[in-house]
Every structure is written in structure tokens, then in C-alpha cells.
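Visitor: Take a look at this one; I'll ask things after.
The values are calculated or read from the model by the stated rules, or taken from the named source; none is laboratory data. Being a predicted model, the structure only gives us computed values, none of them experimental. Cβ coordinates were reconstructed from backbone atoms using ideal geometry, including for glycine residues, and neighbour counts include every protein chain displayed. Note: accessible area is taken over every heavy atom of the protein model, side chains too, but ligands, DNA and RNA are not part of it. Shrake-Rupley method; radii C 1.70, N 1.55, O 1.52, S 1.80 Å.
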Amino acid sequence: MFRFIGIGLLVIAVTHAVRAEDAVVENVVFAIHGGIGLDKVEMTPEIDKRVRTELEQTLRAGFAALNKPNATGLDAVEAAIRLMEDSPQFNAGRGAVFTHDGRNELDASIMEGKTLKAGSVAGVSTVKNPITAARAVMEKSKHVLLVSRGAEAFAAEKGLEIVDPKYFRTEERWQQLQKQLEEEKKRSNVATGGSPVVVDARLLPGFSFGTVGAVALDKAGNLSAGTSTGGMSNKRWGRVGDSPIIGAGTYADNEACAVSATGHGEYFIRYSVAHDIVALMKYKELAVNAAADEVIRKKLKAAGGEGGVICLDHRGRFYPSYNTEGMYRGCITRDGQVQVRIFEQ
Ligand code: ASP
């Protein structure tokens, strides 16, 4: 009996290993994600088409930026993330989710794998492109992470585009918050006779993540990674997730890989997800797919942390790992072949 279970497990393990290996795309120079997205049952052909088109356009724009003379991977990461921040489809920049108090508070980070230099901003409400502010923190300050009003003052001082906070508002995200608030109220009345109950946004119909990220391998062989988000809908008290935390939501190291994450940020912070993947590659010599699956599909899943990562190693091997139904993502190879995926491996 145990032998059969053993053989069964072996078959499952081998099947999984083969699947993970198959999902590695070779010769990739640039890749993006647009968050965890909807469950399969909520996906409509229209949304599917819209997301795929936007991902493909963004990939091509990032690729064009990467191929400009003297361009670095950072240029491609920044250019692609700016596009997604400007698009209302994603939970980053315009179209970001709302906080409990009805504000848009944005987080972003960027990292260079050659130097391990990094920059991030958290909780900004007036900086049009938080990824550009993150890059300015990396290149034009002595710091790594600037928050809230200080980060906004820094961005203004460096001449970045500043907008009215209303710029980020979309009706769809506003309605999403209203639904959450209503649900919260209902549950608190029933459960506690009045005291507030925090409702997990992921349990609500129509909830989508939609954080964005990019990873690049440039002609000089340098890796870079970046991530941008509005965080989690209905967040409170100045909550900051993993996206602007170097080592949690973003990491790049030329000796291993570049990582951008999306998912339930508290888990990604506690498990130092992005750096853990890099560490497994460096210290245990795991391949990029094995390292990513170890963290995302084993550790994080067991802990109940939903989400995923895109990883690109120094040899141009791209691998997305996620423990949810799907993840909006795509990659482009050195010779310009585009691949976009949502639910399929
Ligand atoms: N990781 C982000 C956060 O927790 C959310 C997301 O990826 O959608 O703020």
C-alpha cells in the first residue's frame, strides 16, 4: 500500500517537475506581470482580450526601450511600468485601488542586479509615476525607501510629474471599495453587534489584484526588476505591502535572477519572498524554476499566502511561479517572440 502511495507521489513529483521545466522560456530578455487577476469563472472574453492586448503592447514597448542604443534594463523596466501605471486596467498609478478612507496610496520599487542598488517609494498620492520616483530615489538620493509626504516632496524637487490625487481615481475601483465597505458593515452587524470586522478583500466577488512588475536582462548581461502597485483595496492605517520592500516584492542580483512579485503582501514580507528565491539559487544552486516553486508553491502556499512571481535568470531563462489559478504575465525573447499567458502554464 505504502509502495503504491510512494509511486503515486513520485509520479506527481515527476509530473510537476516536468511541468515546471516546460514552463521555463529560454532566451528571454524582458518580461512583465499584471498581477494575479480574476478567477477563471469571473473571466470574460472581453477582459481576457483586453488584458492580453495590453500585456503584449507593454512587452513590445519594453523591448523597444531595451533595444535603444545605450539602454539598460532599468530603462525598459521603467518604461513598461510607466505604461501600466498610466493604464486604468491595472492596480498601479491611475486605476489603483482605494484605501478604506477613499484615497489612492501608491508603492513602487526598482533594483539593479549588477550593483544591488535599489530605490522605492511608499504611500504616495501625488506622484504620477511612482516607478520613476523609485528610480530617482535609487539614482539621486543616498536612500533606498522614502515614504508618503517626504517621498512626494523629493519627487517634486527632482522635477517629476506631480498630479492632483484625483487623477488616480477610476469609477470601477471606487465601486469595488463601496462593495467592500458595505460587506464589512453587514458582517460586523451580524457578527459582533457593531464592532468593525476586517473583510478579506479576496473573498469579495469581482476582486482583482492587478499589481504590475517587470524584469529585464540587457545587452551588457545585467538584470533589473521593478514593481508598482496601489496595494490592497480597503487597506488602512498607512498599510504598506511588499511591493516597495526590497527583498520581499522586488529583487535583482546578477548572480542569480531578477524577481517581481504580486499577491498578499504581508506574506511576501514575512517570507522575504524575492530574496529567498535569489538565495536558493545562490547558496543551494537551484535552477530558477525550482527556487521559485520552492518558495511560492511550497512555503508560501503552506502558509496560506496567495500570489506569484516572475523570475528571469542571468542566462535569460524566464519562469513564472504562482499558487493561484492564474497570473497575468508575458515575456519577449531576444529575437522578439512574444508570449502572453493568464491561466495556462
Ligand atoms: N502585493 C501587493 C500588496 O500587498 C498587492 C498585489 O500584488 O496585488 O500591496
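Visitor: What's the total number of residues in the stretch 257-271 that are without any contact (Cβ under 8 Å) to a residue 60 or more places away in the chain and outside any strand (DSSP E or B)?
Guide: The number of residues fulfilling the criteria is 7.
Visitor: Mind checking whether some residue in the stretch 299-316 is within 15 Å of the ligand (Cβ to nearest atom), part of a strand (DSSP E or B) and open to solvent by 30 Å² or more (accessible area, probe 1.4 Å)? Explain how you work it out, then say what you get.
Guide: Filtering the stretch 299-316 for residues within 15 Å of the ligand (Cβ to nearest atom) gives 300, 303-310.
In the following step, the residues that additionally are part of a strand (DSSP E or B) were identified as 307-310.
Among the residues that remain, those that are also open to solvent by 30 Å² or more (accessible area, probe 1.4 Å) are: none.
Within the stretch 299-316, not a single residue is within 15 Å of the ligand (Cβ to nearest atom), part of a strand (DSSP E or B) and open to solvent by 30 Å² or more (accessible area, probe 1.4 Å).
Visitor: On the basis of being within 16 Å of the ligand (Cβ to nearest atom), in a loop (DSSP other than H, G, I, E, B), among the β-branched types (Val, Ile, Thr) and touching a residue at least 12 places away in the same chain (Cβ under 8 Å), does Ile36 make the cut?
Guide: Numbers: within 16 Å of the ligand (Cβ to nearest atom): yes; in a loop (DSSP other than H, G, I, E, B): yes; among the β-branched types (Val, Ile, Thr): yes; touching a residue at least 12 places away in the same chain (Cβ under 8 Å): yes.
Yes; evaluated as a whole, the condition is true for this residue.
Visitor: Applying the selection to the stretch 241-271, what residues are surrounded by fewer than 20 Cβ atoms within 10 Å (Cβ to Cβ) and either more than 18 Å from Lys299 (Cβ to Cβ) or away from the ligand (no atom under 14 Å from the Cβ) (or both)?
Guide: Listed by number, the residues that qualify are Asn254, Glu255.
Visitor: Also: Kindly list the number of the only condition in (1) open to solvent by 10 Å² or more (accessible area, probe 1.4 Å); (2) on the phi > 0 side of the Ramachandran plot; (3) within 14 Å of the ligand (Cβ to nearest atom) that fails for Gln89.
Guide: Of (1) open to solvent by 10 Å² or more (accessible area, probe 1.4 Å); (2) on the phi > 0 side of the Ramachandran plot; (3) within 14 Å of the ligand (Cβ to nearest atom), only one is false for Gln89: (2).
Visitor: Sticking with this structure for a sec: Is it the case that the stretch 234-247 has a residue that's modelled with pLDDT of 95 or more, over 20 Å from Ser125 (Cβ atoms) and outside any helix (DSSP H, G or I)?
Guide: yes
Visitor: Is the stretch 57-71 home to any residue that is within 16 Å of the ligand (Cβ to nearest atom) and modelled with pLDDT of 95 or more? First the steps, then the outcome.
Guide: Within the stretch 57-71, the subset within 16 Å of the ligand (Cβ to nearest atom) is none.
For the stretch 57-71, residues within 16 Å of the ligand (Cβ to nearest atom) and modelled with pLDDT of 95 or more: absent.
Visitor: Here's a check for you: in the stretch 102-129, which residue that is among the charged types (D, E, K, R) and assigned to a strand (DSSP E or B) is farthest from Pro244 (Cα to Cα)? Reasoning before the result, please.
Guide: Restricting attention to the stretch 102-129, the residues satisfying the condition of being among the charged types (D, E, K, R) are 103, 105, 107, 112, 114, 117, 128.
Checking the rest, the ones that are also assigned to a strand (DSSP E or B) come to 107, 112.
Numbers: Asp107: 6, Glu112: 14 Å.
Result: Glu112.
Visitor: Among the residues of the stretch 272-289, count how many are open to solvent by 40 Å² or more (accessible area, probe 1.4 Å), in a helix (DSSP H, G or I) and within 16 Å of the ligand (Cβ to nearest atom). Give the derivation first.
Guide: Step one: list which residues in the stretch 272-289 are open to solvent by 40 Å² or more (accessible area, probe 1.4 Å), which gives 272, 275, 282-287.
Still in the list and also in a helix (DSSP H, G or I): 275, 282-283.
Next cut, within 16 Å of the ligand (Cβ to nearest atom) only: 275.
Number of matching residues: 1.
Visitor: Count, please, the residues in the stretch 130-157 that happen to be within 18 Å of Leu74 (Cβ to Cβ) and open to solvent by less than 10 Å² (accessible area, probe 1.4 Å).
Guide: Total meeting the criteria: 7.
Visitor: When you scan the stretch 27-72, how many residues do you find that are touching a strand residue (DSSP E or B) at 6+ places or on another chain (Cβ under 6 Å), polar (S, T, N, Q) and open to solvent by 50 Å² or more (accessible area, probe 1.4 Å)? Break it down stepwise before answering.
Guide: Step one: of the stretch 27-72, the residues touching a strand residue (DSSP E or B) at 6+ places or on another chain (Cβ under 6 Å) are 27-36, 52, 55-56, 58-59, 62-63, 66.
Remaining after also requiring polar (S, T, N, Q): 27, 58.
If we keep only those that are open to solvent by 50 Å² or more (accessible area, probe 1.4 Å) as well, we get 27.
Of the residues in that region, 1 qualify.
Visitor: Picking from Val278, Val259, Val288, which residue would you name as being modelled with pLDDT of 95 or more, in contact with a strand residue (DSSP E or B) (Cβ under 6 Å, 6 or more places away or on another chain) and closer than 22 Å to Leu106 by Cα?
Guide: On the way: Val278 fails: closer than 22 Å to Leu106 by Cα; Val288 fails: closer than 22 Å to Leu106 by Cα.
Selected residue: Val259, the only one of Val278, Val259, Val288 that is modelled with pLDDT of 95 or more, in contact with a strand residue (DSSP E or B) (Cβ under 6 Å, 6 or more places away or on another chain) and closer than 22 Å to Leu106 by Cα.
Visitor: Any idea how many residues of the stretch 96-127 are more than 16 Å from the chain's Cα centre (by Cα) and free of Cβ contacts under 8 Å to residues at least 40 places away in the same chain?
Guide: Counting residues in the stretch 96-127 that are more than 16 Å from the chain's Cα centre (by Cα) and free of Cβ contacts under 8 Å to residues at least 40 places away in the same chain gives 5.
Visitor: Continuing with this model, one more query. Read through the list (1) open to solvent by less than 10 Å² (accessible area, probe 1.4 Å); (2) of a type outside the set (S, T, N, Q); (3) out of contact with any helix residue (DSSP H, G or I) (no Cβ under 8 Å at 6 or more places or on another chain), then give the number of the only condition that Val121 fails.
Guide: (3)
Listed here are the residues, each with its yes/no results for (1) within 16 Å of the ligand (Cβ to nearest atom); (2) in contact with a His (Cβ under 8 Å, 6 or more places away or on another chain); (3) modelled with pLDDT of 65 or more; (4) among the basic types (Lys, Arg).
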| site | (1), (2), (3), (4) |
| --- | --- |
| Gln176 | yes, no, yes, no |
| Gln180 | yes, no, yes, no |
| Lys186 | no, no, yes, yes |
| Ala201 | yes, no, no, no |
| Phe207 | yes, no, no, no |
| Gly210 | yes, no, yes, no |
| Ala225 | yes, no, yes, no |
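Visitor: Among the residues of the stretch 105-118, which ones are in contact with a Gly (Cβ under 7 Å, 6 or more places away or on another chain) and open to solvent by 10 Å² or more (accessible area, probe 1.4 Å)?
Guide: Glu105 - this is the single residue of the stretch 105-118 that is in contact with a Gly (Cβ under 7 Å, 6 or more places away or on another chain) and open to solvent by 10 Å² or more (accessible area, probe 1.4 Å).
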